[in-house]
Amino acid sequence: MSINLKVLKEDAELASGDPVFCQGCKAAFNMYSKVTEEDAKMEVIPEEQEDAEIAEEPKQTNQVWVCEFCQFNNKVSIEKEEMPSKEAINFIIEGGEEIKEDEDSKEDHSSLIFCIDISGSMNSKCKVDWNVGKIQNFAQQSIKPTQKPATMNRARARQTQVVQQNVLSRLECVKSAISSQIENMKTNAKLKKVGLVTFESAVNIIGDGTQKPKVVSGSEMLNNYEALLENAQDLARSHMNSNIGDTYEDLQNRVCTLRTAGSTALGPAVVSSIAMAGEGSKGSTVVICTDGVANVGLGQCGKNTSEATEKFYEELADFANERGVTVNIISIKGQD
């Protein structure tokens with residue numbers, strides 16, 4: 001005998017509750033099974049209560065299923081609507097709400113921080129071979145109608161010039177890649193929290209795009225490891241409150257309007273990014289996008305890296321590990 005398993009999908013009847021099995025042979029109650037009813041045994045009333053007033057109660061019955069395979073008498077309790085009407089039955093072992101909650105629990109609730117270099121060198125341009133039209137589309141779509149007309153016109157003019165010359169700056173390449181990732185996460189990881197941290201001579205903490213960015217600057221602040229950690233952890237609570245499903249448009253607009261300026265405060269920016277990601281759920285990530293060498297604040301690198309710089313990055317790596325934060329670095333070919 002063979003059974004085509006497609007009946008489980010196409011022909012099966014859905015049923016809630018648990019299946020009923022024979023206590024004798026373990027056969028399942030099915031559409032061919034028969035249920036009979038018999039009177040329930042009456043309780044014997046003591047003689048001293050015979051004269052008492054007893055309210056009339058409805059007649060009680062028991063359901064009995066005589067197994068068609070082994071003839072065992074099974075006491076059952078099956079409502080009429082629970083009687084199988086098809087040969088194949090799929091039993092739902094969890095309620096709809098429980099299933100939904102389980103699916104939600106599998107969603108990615110972690111944080112992702114894009115740590116983006118916007119120093120002057122990121123404005124260097126080169127010709128590209130691939131279709132750059134999508135960058136113009138990304139810029140135009142992410143500019144909000146509420147922006148001033150002059151701002152919108154300048155942004156579109158810059159993108160049109162890029163397309164006409166078939167030339168892109170390093171920052172434009174990064175912006176396009178990040179925009180694509182944000183677009184993907186809006187659909188496939190809508191509960192994820194996504195934030196931006198940019199750096200040049202100062203560090204700009206943008207977060208999820210819904211709040212006014214905070215600027216971290218000044219030699220005293222950019223060289224103070226503990227102060228940078230504390231500041232970023234505080235800002236994570238105010239600037240990383242919403243998931244990508246709610247902040248998508250704000251983030252795309254923030255990415256679109258990034259402009260190059262200044263030097264490279266890479267070390268302070270990485271400290272801030274890891275500290276913010278560390279306040280998120282387990283499995284949070286930092287993605288660093290840079291083309292150069294740190295030359296402002298903590299972690300400055302020259303031709304000869306100092307022991308203090310090496311110790312700084314080792315300490316930062318240990319902190320990321322303690323917080324369960326993964327750090328990825330995207331560098332640009334041809335740079336230090």
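Can you confirm whether Ile135 is touching a Ser or Thr at 6+ places or on another chain (Cβ under 7 Å), surrounded by 14 or more Cβ atoms within 10 Å (Cβ to Cβ), hydrophobic (A, V, I, L, M, F, W, C) and modelled with pLDDT under 90?
Yes; evaluated as a whole, the condition is true for this residue.
Only residues in segment 197-219 that are over 24 Å from Tyr248 (Cβ atoms) count as the first member; pair them with residues that are open to solvent by 40 Å² or more (accessible area, probe 1.4 Å) and part of a loop (DSSP other than H, G, I, E, B), Cβ under 6 angstrom, at least 6 apart or cross-chain, and list the lot.
Glu200/Ala261; Glu200/Gly262; Ser201/Gly262; Ser201/Ser263; Ala202/Ser217
Tell me which of these Asp246 doesn't satisfy, since it passes every other one: (1) touching a residue at least 40 places away in the same chain (Cβ under 8 Å); (2) open to solvent by 10 Å² or more (accessible area, probe 1.4 Å); (3) under 21 Å from Gln181 (Cα atoms).
(1)
So how many residues does segment 95-120 have that are modelled with pLDDT under 90 and assigned to a helix (DSSP H, G or I)?
Of the residues in segment 95-120, 10 are modelled with pLDDT under 90 and assigned to a helix (DSSP H, G or I).
Of these, Leu168, Leu258, Leu191, which one is open to solvent by 40 Å² or more (accessible area, probe 1.4 Å) and more than 20 Å from Phe319 (Cα to Cα)?
Going through Leu168, Leu258, Leu191 in turn, just one is open to solvent by 40 Å² or more (accessible area, probe 1.4 Å) and more than 20 Å from Phe319 (Cα to Cα): Leu191.
Can you spot a residue in segment 6-21 that is in a loop (DSSP other than H, G, I, E, B), modelled with pLDDT under 80 and either open to solvent by 50 Å² or more (accessible area, probe 1.4 Å) or charged (D, E, K, R) (or both)?
Checking segment 6-21: at least one residue is in a loop (DSSP other than H, G, I, E, B), modelled with pLDDT under 80 and either open to solvent by 50 Å² or more (accessible area, probe 1.4 Å) or charged (D, E, K, R) (or both).
It is to be established whether one or more residues within segment 232-239 are in contact with a helix residue (DSSP H, G or I) (Cβ under 8 Å, 6 or more places away or on another chain), open to solvent by less than 50 Å² (accessible area, probe 1.4 Å) and over 26 Å from Ala177 (Cα atoms).
yes
From the list Glu310, Glu315, exactly one residue is in a helix (DSSP H, G or I), open to solvent by 20 Å² or more (accessible area, probe 1.4 Å) and in contact with a Phe, Trp or Tyr (Cβ under 9 Å, 6 or more places away or on another chain). Which is it?
Glu315
Conditions first: (1) part of a helix (DSSP H, G or I); (2) touching a residue at least 60 places away in the same chain (Cβ under 8 Å). Gly267 passes all but one, so which condition is the exception?
The number of the failed condition is (2).
With the requirement that a residue be modelled with pLDDT of 95 or more and not aliphatic (A, V, I, L, M), what does segment 224-237 give you?
Within segment 224-237, Asn224, Tyr225, Glu226, Glu230, Asn231, Gln233, Asp234 meet the criteria.
The values are calculated or read from the model by the stated rules, or taken from the named source; none is laboratory data. Given the structure is predicted, the values throughout are model-derived calculations rather than measurements. All Cβ positions, even for glycine, are placed from backbone atoms using ideal geometry, and neighbour counts span all protein chains on display. Areas reflect the complete protein model, heavy atoms only, side chains present, ligands, DNA and RNA absent. Shrake-Rupley method; radii C 1.70, N 1.55, O 1.52, S 1.80 Å.
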